[in-house]
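The next block holds one structure in the form of structure tokens; read it before the comments.
Nothing in this text is a laboratory measurement; each read-out follows from the coordinates by a stated rule. Please read all numbers here as calculations on a predicted model, not as lab measurements. Because the Cβ atoms are built from the backbone with ideal geometry, glycine has one as well, and the counts that use them run over all protein chains shown.
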Amino acid sequence: MSDMNERRGVPEGWDRSGLAPWTYLNDELAEIEKDKLFRRHWQLACHVSNLPERGSYITFDMAGERAIVMRGEDGQVRAFHNLCRHRGSRVLDKKRGVCKKVMICPFHGWGYNLDGTLRSPSAPESLPKLDSVEHGLKPIELDIWMGFVFLRFLPGDQPRISELLARHEEEVTPYNAEEMVPVYGGFWRQEMAVNWKAVRDVDNEGYHVPMAHPGLQDLYGKNYYDEPIVNGTNRSFAELTESPSHLWSVRHYKKILPDFPNLPASSKRAWLYIGIFPNTVISFYPESAAFYQEFPLASGRTVQRGATYRYAEESRAMRLSRYLSERIDKLTTEEDTQLIKWTCEAMESSAFDGIILSDREYGVRAYHDKLRELLPVMAMPEAPAPGTVATVNARLSEERADAAE
Ligand code: FES
Ligand SMILES: [Fe+2]
């Protein structure tokens, strides 16, 4: 094992193949993924600074679920299903806003307090007496880490998000992310005609950086490394190189990036990425923090969403650095989007007979292993017969549980 492999935790003689193509093309599997992965794992909805005042809210749709994240009159952040208890309408339909005192459903006008309890139905004399808690908006489990607000729509095996991310706390604390503020009011969002796993596959390795991302290559080049997923989180890190860059934005970023007294020497000129299974990455740059994530709409339709946060007080050099790093990232995203499309198209080609992963792509394999562990049907080389994917997956899960006993 080379030193490099040791650092990346790559075992000897590992299986270099990928998931079977059908897993990227099957709508039945996409529904199982929504249920078992997306609804049962923590999802990053926003940052506390997206909810600056009492009554500030954002709405967040994900894998068939609809949430409201609201700062109550007591200042506490809570999350509810955006689902009126009368007939299921959305209660709040804007992406974000401020709600004074009461949320009014746009269908028949039922009113909810900012803590989610039912205030009053309209024409209450036409209804039986309704309990304000029992008929309030259904709460969603919520946890906050470094100012980032996470939701979990259904119970799952992950510990609290603060416990899950505890191993990154020492490294991340100096960034002071709780105190950061949004760069733009809301969130960027793009819909892509690809399977969500293809987005992860490109994101889970740095092998493509020298070829596909000339900007990043100039920025940190061979200093970049990925650590494979451990207990549902992974870390990638890159110190900036001091070599000159061909790219205007990278050249100026390296020159302008000021000293950050809050950061230890190892983080002052480095980019850090924390991945959270199954679909979220939070990045910490000296001058900003950001997140991005993706959700399936169907097997071939994916939403990518994210936001950037900055220090509340910024010098001109900090602001300029942030502008430049955003430019670098925008270019990277465009480059990745093209690669994601091509790898997805390949799955439908008659000539496609799988992939061969390099040691530098071990993160892709480690991630697939985690998927196969949770959804054993994904280990099958061919798709089960139509209409049976969920039952086959349930049977394989049971068999495995029995074998483990
Ligand atoms: S659905 Fe909300 S008031 Fe009727
Ligand atoms: Fe990339």
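Structural remarks
- Qualifying lysines (Cα of each under 19 Å from Cα of LYS222; at least 8 residues distant if same chain): LYS254, LYS268
- Placing a label point 7 Å from the Cα of ASP15 along the Cα-to-Cβ direction, the residues of region 334-373 with a backbone N closer than 16 Å are 354-358, 362-373.
- The tail of the calculated P(r) for the chain, taken as Cα-Cα distances beyond 27 Å, holds 55 percent of the pairs.
- Ordering of 336-344, 278-286 by burial proxy (mean other Cβ atoms within 10 Å per residue, highest first): 278-286, 336-344
- Taking amide H positions as modeled 1.01 Å from N, with prolines and chain starts lacking one, the residues under 5 Å from LEU297 and 5 or more places away or on another chain are THR302, VAL303.
- Descending semi-axes in whole angstrom, ellipsoid equivalent of region 44-155, from the Cα gyration tensor: 24, 14, 12
- Once the Cα-Cα distance is subtracted from the 0.36 nm per residue extended length, the ALA346 to GLU169 segment shows a gain of 59.8 nm.
- Long-range HN-HN contacts of ALA270 with modeled amide H, under 5 Å: LEU240
- Principal axis dimensions, largest first and in whole angstrom, of region 219-287 by Cα: 37, 28, 17
- Remark: region 151-159, residue by residue, has Karplus-estimated 3J(HN,Hα) of 10, 9, 6, 10, x, x, 7, 5, x Hz, where x stands for each Gly or Pro and the curve is 6.51 cos²θ - 1.76 cosθ + 1.60 at θ = phi - 60°.
- Note on region 122-182 and region 228-298: Cα centroid distance 25 Å, given to the nearest whole angstrom.
- Whole-Hz ³J(HN,Hα) from phi, Karplus 6.51 cos²θ - 1.76 cosθ + 1.60, for region 96-110, glycine and proline x: 7, x, 10, 10, 7, 6, 9, 9, 10, 5, x, 7, 10, x, 4
- Hz values of 3J(HN,Hα) by residue in region 201-213 - Karplus curve (6.51, -1.76, 1.60), Gly and Pro given as x: 4, 6, 6, 8, 8, x, 4, 7, 4, x, 8, 8, 10
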